[in-house]
Amino acid sequence: MQVSGILKSKGDAVLITVAPECLVSEAVDLLSDKKIGTVLVSRDGKHPDGILSERDVVRAMAEHGADIMDSTVDVFMTSKLVTCTRGDSSVSVLEKMTEGRFRHMPVVENGELIGLISVGDVVKARLQELSLEKDALEGMIMGH
């Protein structure tokens, strides 16, 4: 399955972004309120500047203490983004996520954000693919 299929299966998921000057405390409140694990950082809501995940916040707190809550997200966000496009395969995305040890990947086209997929989204899509392949092979073996 391609990323385009994963995005389609998510429906009209709203892309949540915060500005680089947003306080970490505000971003943490947003993560908690929306029950999400990451938020995209963008000056204009269209072009990615970075990503701030729960893991980024935990690392920053371990290193700098609770004072990070009064800092802006651009200080602690991951700015070297690994992104994908609609045409990328679920397998290639899963490989990138596993290799980079991250759980969320922005989907970008022509430099603009068009979505965000999680490792859970990709695993779900891959399991559906494998199930369809299994059914097709069983059908061939059984002569259906």
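The values are calculated or read from the model by the stated rules, or taken from the named source; none is laboratory data. Keep in mind that this is a model prediction, so the values were computed, not measured. Note that each Cβ is placed from the backbone with ideal geometry, even for glycine, and that neighbours are counted across all protein chains shown. Side chains are part of the model used for accessible areas, which takes the heavy atoms of the whole protein and leaves out ligands, DNA and RNA. Shrake-Rupley method; radii C 1.70, N 1.55, O 1.52, S 1.80 Å.
D for segment 8-63, whole µm²/s, Stokes-Einstein with Kirkwood Rh over alpha-carbon pairs at 4 °C and 1.567 mPa s: what number?
108
Just to confirm, what accessible area per residue do you get for the chain at 1.4 Å probe, in whole Å²?
I get 61 Å² per residue for the chain.
If you roll a 1.4 Å probe over the chain with all protein chains in place, what percent of the accessible area is carbon or sulfur?
Solvent-exposed carbon and sulfur of the chain make up 53 percent of the total.
Which sequence of Ser90, Ser131, Ser32 reflects their accessible areas, 1.4 Å probe, from the largest down?
Ser32, Ser131, Ser90
Please find, in a Gaussian network model of the chain (springs between Cα atoms separated by less than 10 Å), the residue of Met61, Met97, Met77 whose mean-square fluctuation is greatest.
Evaluated over the chain, the most mobile residue of the options is Met61.
State to the nearest 20 debye the size of the charge dipole of segment 80-144 about its Cα centre, where the only charges are +1 on K and R beta carbons and -1 on D and E beta carbons.
The calculation lands at about 300 debye.
Towards the positive end of the charge dipole of the chain, with charges on Cβ (+1 Lys, Arg; -1 Asp, Glu), say which of Met69, Gly11, Gly143 has the farthest Cα.
In the chain, that residue is Gly143.
Show the residues, 5+ positions off or on another chain, whose built amide H is closer than 5 Å to the amide H of Ile117.
Here the answer is Met105, Val107, since their amide H atoms fall under 5 Å of that of Ile117.
Lys/Arg Cβ at +1, Asp/Glu Cβ at -1, dipole of the chain taken about the Cα centre: which of Val122, Thr78, Val107 is farthest positive-ward?
Val122
Grab the Cα-Cα distance for Glu112 and Met140, subtract it from 0.36 nm times how many residues apart they are, and report the gain in nm with one decimal.
So the extension gain works out to 5.8 nm.
Throw me the Rg/Rh for segment 38-144, computed over C-alpha atoms with Kirkwood Rh, two decimals. All intermediate terms of the calculation are to be shown ahead of the outcome.
Details: Rg = 18.4 Å, Rh = 15.9 Å.
The Rg/Rh ratio comes out at 1.15.
State which entries of Lys34/Lys96; Lys8/Lys134; Lys10/Lys35; Lys10/Lys34; Lys96/Lys124; Lys10/Lys124 exceed 20 angstrom in Cα-Cα distance in the structure shown. Intermediate results must be reported in sequence, preceding the final value.
Values: Lys34/Lys96 26 Å; Lys8/Lys134 23 Å; Lys10/Lys35 16 Å; Lys10/Lys34 16 Å; Lys96/Lys124 16 Å; Lys10/Lys124 11 Å.
Correct reply: Lys34/Lys96; Lys8/Lys134.
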